[in-house]
Amino acid sequence: MTTTNDQDESISEHIKKAFSLKEDTASNEEIRSRLLDGGKITGTNMRVLVCAMVIASVGLNMSSTAVIIGAMLISPLMGSILASAYASVTNDRPLLGKHLTGFAMQIIISVTAAAIFFFLSPVKEPTVELLARTSPSFYDVLIAFFGGLAGIIGQTRSDKVSTVIPGVAIATALMPPLCTCGYSIANGRWDMLLGAGYLFLINCYFIFLSSSLILSALKIPKLKEYTEKEWKIHKWRMSYGILF
């Protein structure tokens, strides 16, 4: 009887250890360094971003899934969202403002590059791949949320899982909706612009939300604690974002 109880405890402990967020967690300094480095806006990142946008635009214009996936693999957009989530959880407002500004700059450059490409492209009719990015669904919410979970869990391990971020970039598909926004602007398809823009916002917000939840669960040290009023405002913002 004692042996059976010991075995049950051993199995439960093993399962608990396997799913524990605290198990194999990197140091706070290492997590900060990884996430903030990934969100840096540098000349190299911007050049890679423009290249990724052009490649993704070509893929959407050709309806080539393989080309679109290739563009998503090299896109640096994911890093800015994770860095913003870190800044939000640590209540570092200057840092949050810096990364949100950088992310906004990336979005503007991405849409501009895509709009120029589609303006010059001889193919004006929307392809199946372009149209697929204009009708967001609840499944897109699930993909973005769990993709964000996978991304931030991979980034916070002591032995960083290098395959996670590229996989999340493909699953959550941040690039194609932005390219579709560029196509919409270049061709005056404002109906498509609304759908693609909404899909992009869904992806960004739920990656941000799930990343913030994991970082909060890991009890990442805050720059300063929230006041009661700030915490209420923070919760209302999160709730409003989910409803939106």
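The values are calculated or read from the model by the stated rules, or taken from the named source; none is laboratory data. None of these values were measured; they are calculated from a predicted model. In this analysis, Cβ positions are derived from the backbone assuming ideal geometry, glycine residues included, and neighbour counts consider all displayed protein chains.
Looking at (1) surrounded by fewer than 16 Cβ atoms within 10 Å (Cβ to Cβ); (2) within 20 Å of residue 76 (Cα to Cα); (3) modelled with pLDDT of 90 or more, which is the one condition that is false for residue 161? With respect to (1) surrounded by fewer than 16 Cβ atoms within 10 Å (Cβ to Cβ); (2) within 20 Å of residue 76 (Cα to Cα); (3) modelled with pLDDT of 90 or more, residue 161 is out only on (3). Among the residues of this structure, residue 153 does not count as one that is modelled with pLDDT under 90, within 11 Å of the chain's Cα centre (by Cα) and part of a helix (DSSP H, G or I).
Among the residues of segment 39-90, write down those that are without any contact (Cβ under 8 Å) to a residue 24 or more places away in the chain, in a helix (DSSP H, G or I) and among the polar types (S, T, N, Q). Matches in segment 39-90: 44 only.
Within segment 31-47, can you find the residues that are modelled with pLDDT of 85 or more, among the aliphatic types (A, V, I, L, M) and either touching a helix residue (DSSP H, G or I) at 6+ places or on another chain (Cβ under 6 Å) or over 19 Å from residue 106 (Cα atoms) (or both)? Those that are modelled with pLDDT of 85 or more, among the aliphatic types (A, V, I, L, M) and either touching a helix residue (DSSP H, G or I) at 6+ places or on another chain (Cβ under 6 Å) or over 19 Å from residue 106 (Cα atoms) (or both): 31, 35, 36. Quick check: is even one residue across segment 91-100 of a type in the set (Asp, Glu), more than 24 Å from residue 59 (Cα to Cα) and either crowded, with 16+ Cβ neighbours inside 10 Å or touching a residue at least 40 places away in the same chain (Cβ under 8 Å) (or both)? Looking for residues that are of a type in the set (Asp, Glu), more than 24 Å from residue 59 (Cα to Cα) and either crowded, with 16+ Cβ neighbours inside 10 Å or touching a residue at least 40 places away in the same chain (Cβ under 8 Å) (or both), one finds at least one in segment 91-100, hence yes. Restricting the first member to segment 101-114 and to residues that are at negative phi and of a type in the set (A, V, I, L, M, F, W, C), and the second to residues that are surrounded by fewer than 21 Cβ atoms within 10 Å (Cβ to Cβ) and not in a helix (DSSP H, G or I), the beta-carbon pairs closer than 7 Å and six or more apart or on different chains are 105/41.
Identify, by number, the condition in (1) of a type outside the set (D, E, K, R); (2) in a helix (DSSP H, G or I); (3) more than 18 Å from residue 212 (Cβ to Cβ) that residue 123 doesn't meet. Checking residue 123 against (1) of a type outside the set (D, E, K, R); (2) in a helix (DSSP H, G or I); (3) more than 18 Å from residue 212 (Cβ to Cβ), the one that fails is (2).
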